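For reference, the structure is listed below as structure tokens.
The values are calculated or read from the model by the stated rules, or taken from the named source; none is laboratory data. Predicted, not measured: the structure shown is a model, and the values here were computed from it. Cβ atoms come from the backbone with ideal geometry, glycine included; neighbour counts cover every protein chain shown.
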Amino acid sequence: MADEFIKGLGILTVAGLFWMVLAGWYRTPSFGSTEQLVAPLTVDTGSATLLNLVAITLMDVFFWLAILGPLTFWVLVPAGRQARKAIDEARSN
Amino acid sequence: MSHEDTTTENQGEPVADGAGIVAPDDETPTWRERKERHVGLARLTYEYFERARREDQDLRTESDYVERDVLAFPTWPHETVRNLSIAAFFVGMMIFLSAALPPHIGDPANPSSTPAIILPDWYLYWSFGLLKLNPLNPELAVLGGQKIMADRTYGVLANVVVVSIIAIVPFLNKGAARRPVEQPFWAAVGVFGVVFAFTISLLSVKNLLPMNVDLLFDLTFLLPVVTGVITYAVLKTMREGYVYDLNRRYYRLRPPK
């Protein structure tokens, strides 16, 4: 379904964009290094300010949203519909 | 003259332009009416393009209309509005990223020392990768195991060969196909080229990649062939069935030779 596709794509791009920005702040020691966006946290969570803690949490939220959102709309929802249709057909026969 | 009279008069003429789908001009809602209906962007888009199609249809019925081979929407407003929205999106994205990402202004370059890693701009990686084909430079037995040319000469020659092949392709295939499924072989050639451009670019940064260099070198040449073969097989399989026949009928229109 086209609707499900654009929902998944929208979540993937928007969440991925914000994850990229936050990871550029908190998981990129240097833009000249070979490990960007996925390096260990550059801020110590023990002594971080509230703003940094919120941003770090949001970074993980966006990361998993970018993975689970498209998975839901491209795989789980269509699979659920197929399963429901198959069950209904099996019952009616 | 009422609407019924018009349709009765037109009945004798061959009408193949889809008239009847869109409302006649006096029934077409104004923009205000459309907004007040709150029917959403999808409906609005539909009506907008139906209106454009209707204008095109009216043009066709005019006496001085010249049939053309290429159908298109007019530059203003259709293409302009679309291009402005696309340009606004990308400008907005650049402003957002430059404002949101942490600033990175590195130290000034030291002109007296060569950096440890030297690379061209990313879009020239493929050419840089072709300079690293040393293992392919044959050692000839007749020369006593010597190479016929230096590795760097060989790399430059590889660039000449690849660029020549790319330059020859448009003369071998004129690009008449509208979709890959119409010419599976040339689609496979295209996929081979795209994937090879990617893998040869990866080969150019082999000292930065966390993988076996020999394996990377083999994959550089095997992966494009594999993907090309898969493309050919898949497209060949798609050349049958109801949808393919349907599409073949719809895509009859060809640009002028």
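Suppose the filter is touching a helix residue (DSSP H, G or I) at 6+ places or on another chain (Cβ under 9 Å) and either without any contact (Cβ under 8 Å) to a residue 60 or more places away in the chain or of a type outside the set (A, V, I, L, M) (or both); does B:Trp122 pass it? Spell out the reasoning first.
On the way: touching a helix residue (DSSP H, G or I) at 6+ places or on another chain (Cβ under 9 Å): yes; either without any contact (Cβ under 8 Å) to a residue 60 or more places away in the chain or of a type outside the set (A, V, I, L, M) (or both): yes.
So B:Trp122 fits the description; yes.
Check whether at least one residue in the stretch A:35-49 is surrounded by 12 or more Cβ atoms within 10 Å (Cβ to Cβ), under 15 Å from the mean Cα position of the chain (by Cα) and within 14 Å of chain B (Cβ to nearest Cβ), and report yes or no.
Within the stretch A:35-49 (the criterion being surrounded by 12 or more Cβ atoms within 10 Å (Cβ to Cβ), under 15 Å from the mean Cα position of the chain (by Cα) and within 14 Å of chain B (Cβ to nearest Cβ)), the answer is yes, since at least one residue qualifies.
Would you tally the residues in the stretch B:71-94 being away from chain A (no Cβ under 14 Å) and assigned to a helix (DSSP H, G or I)?
Step one: of the stretch B:71-94, the residues away from chain A (no Cβ under 14 Å) are B:71-88, B:91.
Then drop every residue that is not assigned to a helix (DSSP H, G or I), which leaves B:75-88, B:91.
Residues in the stretch B:71-94 being away from chain A (no Cβ under 14 Å) and assigned to a helix (DSSP H, G or I): 15 in total.
Would you mind finding the one in B:Leu59, B:Leu140 that is in the same structural domain as B:Leu216 (by TED's automatic domain parsing) and either of a type in the set (A, V, I, L, M, F, W, C) or surrounded by 10 or more Cβ atoms within 10 Å (Cβ to Cβ) (or both)? Give the steps one after another, and end with the answer.
Working: B:Leu59 fails: in the same structural domain as B:Leu216 (by TED's automatic domain parsing).
Checking each option against the conditions leaves just B:Leu140.
Among residues belonging to the stretch B:95-128 that are within 14 Å of chain A (Cβ to nearest Cβ), in a helix (DSSP H, G or I) and surrounded by fewer than 10 Cβ atoms within 10 Å (Cβ to Cβ), point out the one that is farthest from the chain's Cα centre (by Cα).
Filtering first and then ranking leaves B:Ala99.
Cβ-Cβ under 7 Å, sequence separation 6+ or interchain: first residue in the stretch A:8-33 and within 18 Å of A:Leu65 (Cα to Cα) and within 9 Å of chain B (Cβ to nearest Cβ), partner in a loop (DSSP other than H, G, I, E, B) and modelled with pLDDT under 95. Which pairs?
A:Met20/A:Leu37; A:Val21/B:Leu101; A:Gly24/A:Leu37; A:Gly24/B:Leu101; A:Gly24/B:Pro102
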